[in-house]
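Taking it in order: structure first as structure tokens, then the write-up.
The values are calculated or read from the model by the stated rules, or taken from the named source; none is laboratory data. What you see is a predicted model, and the numbers here were worked out from it, not measured in a lab. Note that we place each Cβ from the backbone using ideal geometry, even for glycine, and neighbour counts take in every protein chain shown.
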Amino acid sequence: MKLLVTGGAGFIGSAVVRRAVAQGIEVVNLDALTYSANLANVASVADSPLYAFEHVNICDAQAVREVFARHRPDAVMHLAAESHNDRAIEDPLSFVQTNVIGTGVLLEAAREHWRALPKAGQAAFRFHHVSTDEVFGALGEDGAFSETTPYDPNSPYSASKASADHLVRAWSRTFGLPVVITNCSNNYGPYQFPEKLIPTVISRALEGKTIPVYGKGLQVRDWLHVDDHAEALLLVLEKGRLGETYAIGGDATKPNIELVNILCAHLDALAPANGPHADKIAFVTDRPGHDFRYAIDASKLRNELGWRPRIALGDGLEDTVRWYVENRDWWQAIRDRGFESERQGLVKA
């Protein structure tokens, strides 16, 4: 199989690329190389005969069509997206451009390619759209999101991803494009750009800076290791039922402040400082529209395809801290490009 992965130099996309190549899948990585992309994330497979890279923005319709014509993929996994909520508050239209318009452009290119395939190729082709649980809004004290939860996005980011989900379903129902959709919980692990919570905590702690926690840190998230997610995505691509949606979760919910304290404890053991790292925690103004709780019911994926997360949260967090401690050059290079990990996303009067 030849798989076209959009956003394959990003955090989740690169985990998919590395795993797919390891499984013997031929991969074409299409990425615009925006601020959070990093070809170092796929350096381990860059010389493989199974890997090819295309420096293309998904909003560029002609360039995207040319990639399809040049490589003739058997499947598409669409991960390219603007994904950071704080940036969406400061520049919402860039999220609309990439996540909505870009998805529409990609769907049209995929439809044109699919229609030109021979019958056997059409039957085997599929378009896998990777989305987020944030499209469902926020949960109260109990309950969990599932594939039937109504959409209720609360931020420009989640609204743009919800729009993309609806476009994918529309292209399936109107044009017959064979699609699957997945909605995942919060990912963590190696190679995550240091503006998300976990790498922010680790990198700032290693630099001796304060560790910002929004509000009182009581927001609850379900944490999914990126390697578990990549495994699930490739499984859904291969065996998921066409036209279906699958929720992917880590079955590991924690309030943010508890998670931060766990990270600080691992940092105390792996990178001791002058005093506990938790002493550097600083509570800051909460993000506007910050959803209170997310949780995923992944029973459909478990029952239909036999998937469940393999990496326990405690083990995954320790391994993640160790990776950032041992790979300081990776995230220091991002600092050297001008990213300082300072607060973003406050609404300006």
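Restricting region 125-143 to residues that are exposed (fewer than 13 other Cβ atoms within 10 Å of the Cβ) and touching a residue at least 24 places away in the same chain (Cβ under 8 Å), the residue that is farthest from Leu218 (Cα to Cα) is Gly143.
Residues that are touching a strand residue (DSSP E or B) at 6+ places or on another chain (Cβ under 7 Å) and surrounded by 14 or more Cβ atoms within 10 Å (Cβ to Cβ) within region 260-282 comprise Val260, Lys280, Ile281, listed in sequence order.
The test for being among the hydrophobic types (A, V, I, L, M, F, W, C), touching an Asp or Glu at 6+ places or on another chain (Cβ under 7 Å) and at pLDDT 95 or above does not hold for Phe127. Just one of (1) surrounded by 14 or more Cβ atoms within 10 Å (Cβ to Cβ); (2) within 14 Å of Gly250 (Cα to Cα); (3) of a type in the set (A, V, I, L, M, F, W, C) fails for Leu305. It is (2). Filter region 87-110 down to the residues that are buried (at least 18 other Cβ atoms within 10 Å of the Cβ) and of a type in the set (D, E, K, R) and list them by number. Once the filter is applied, which keeps residues that are buried (at least 18 other Cβ atoms within 10 Å of the Cβ) and of a type in the set (D, E, K, R), region 87-110 yields only Arg87.
Suppose the filter is closer than 23 Å to Thr253 by Cα, touching a residue at least 24 places away in the same chain (Cβ under 8 Å) and among the β-branched types (Val, Ile, Thr); does Val201 pass it? It is true that Val201 is closer than 23 Å to Thr253 by Cα, touching a residue at least 24 places away in the same chain (Cβ under 8 Å) and among the β-branched types (Val, Ile, Thr).
Arg70 passes every criterion in (1) modelled with pLDDT of 95 or more; (2) more than 19 Å from Val226 (Cα to Cα); (3) touching a helix residue (DSSP H, G or I) at 6+ places or on another chain (Cβ under 6 Å) apart from (3).
When you scan region 65-73, do you find a residue that is more than 18 Å from the chain's Cα centre (by Cα), charged (D, E, K, R) and farther than 25 Å from Ala123 by Cα, even just one? Looking for residues that are more than 18 Å from the chain's Cα centre (by Cα), charged (D, E, K, R) and farther than 25 Å from Ala123 by Cα, one finds none in region 65-73, hence no.
Within the group Ala295, Ala247, which residue is touching a Lys or Arg at 6+ places or on another chain (Cβ under 7 Å), crowded, with 17+ Cβ neighbours inside 10 Å, under 30 Å from His166 (Cα atoms) and not hydroxyl-bearing (Ser, Thr, Tyr)? On inspection, the qualifying residue turns out to be Ala247.
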